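What follows is one structure encoded as structure tokens, with my remarks underneath.
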Amino acid sequence: MAFMNLNKIFRVNYDFNFFKIEKKSDIKNIILKDYILKSYKDELNPNGETFIYQGIKEQVFKENDEILILNIGRKIIFFKNLTQNSDNLGEIQTKQSVLLSFLFFGSLFFASLFLIQFNLTDLFFLILCIIVLIASSISTNLLFKHINLLKKFSKEEIREFLKKRKNVKA
């Protein structure tokens, strides 16, 4: 059992990054728009990382915009564009509300099936829906706490915090 590591399943690792966009490219689908953002190499981003964002709005990013992001790997979850003074909080709230309501109504559906038929498969899906609903609620709560923290700080405070954090990691 020592070879099993379940941290990636049960723990989501969010990361904060602050960078200036060197180059952006966008791909427009039917509904969503994909952005690929490359950052300038500087003291906070020595590797000049590339990030991906998928959203509904158009013209969200421009070259030389300074943005603060909350990301998982290369995928941007939340951004705050400090140059244009915009963010994607509305999209996040909509997506999380739809997810939680879908899981809640799914749980109600399987609960009603279980009460009518007393079937073990219905009980299994009910328990599964409730577990996913609880995990999603915890994740949503954590995400909203991160967003509230990001909204409170200025650009200079964010830079200083990330510089200190990079120095501690090194």
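May I ask you to derive the relative contact order of the chain, considering only C-alpha pairs under 8 Å and at least 6 residues apart, and to give it as an integer percent? Walk me through the numbers on the way to the answer.
On the way: 203 pairs, mean separation 28.7, N = 170.
Result for the chain is 17 percent.
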Point to revise | Placed amide H near T83: partners under 5 Å, 5+ positions off or other chain | key: E66
Check your understanding: What value, in deg cm²/dmol to 500, does the helix sum -39500 (n - 2.57) over DSSP H runs of n ≥ 4 give at 222 nm once divided by the residues of the chain?
Key -> -16500 deg cm²/dmol
Point to revise | Straight-distance crosslink candidates among aspartates and glutamates, where the alpha carbon sits under 14 Å from K38 and sequence neighbours closer than 8 are dropped | key: E22, D26, E49, E63, D65, E66
Exercise for review: Select from I56, L142, L113 the residue farthest towards the positive end of the dipole of region 21-170; place +1 on Cβ of Lys and Arg, -1 on Cβ of Asp and Glu, and compute about the Cα centre.
Suggested key: L142
Check your understanding: In square angstrom, what is the accessible area per residue of the chain with a 1.4 angstrom probe?
Key -> 67 Å²
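So which DSSP H runs in the chain come out at 15 Å plus along the axis (Cα) with average Kyte-Doolittle of at least -0.5?
Both cut-offs are met by 89-117, 120-152.
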Practice item. Would you kindly state how much longer the chain becomes between I27 and L108 on full extension, computed as 0.36 nm times their sequence separation minus their alpha carbon distance, in nm to one decimal? Key: 25.3 nm
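Among 62-75, 27-40, how do they line up from the highest to the lowest mean number of other beta-carbon atoms within 10 Å?
The packing order, highest mean first, is 62-75, 27-40.
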Check your understanding: Between L115 and R74, what is the label-to-label distance in nm when each label sits 7 Å out along the Cα-to-Cβ direction?
Key -> 4.8 nm
**Study point:** Taking the C-alpha atoms of region 56-155, convex hull volume expressed per residue in Å³
**Key:** 111 Å³
Review point. At a 1.4 Å probe radius, carbon and sulfur cover how many percent of the accessible area of region 1-143?
Key: 64 percent
Practice item. Specify which labelled value, from [x] 112; [y] 159; [z] 172, agrees with volume of the Cα convex hull per residue in Å³ derived from the coordinates of the model shown. Key: [y]
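The values are calculated or read from the model by the stated rules, or taken from the named source; none is laboratory data. If you're wondering where the values come from, they're calculated on a predicted model, not measured in any experiment. All Cβ positions, even for glycine, are placed from backbone atoms using ideal geometry, and neighbour counts span all protein chains on display. Ligands, DNA and RNA are stripped out before the accessible areas are found, and what is left, the full protein with its side chains, is counted by its heavy atoms. Shrake-Rupley method; radii C 1.70, N 1.55, O 1.52, S 1.80 Å.
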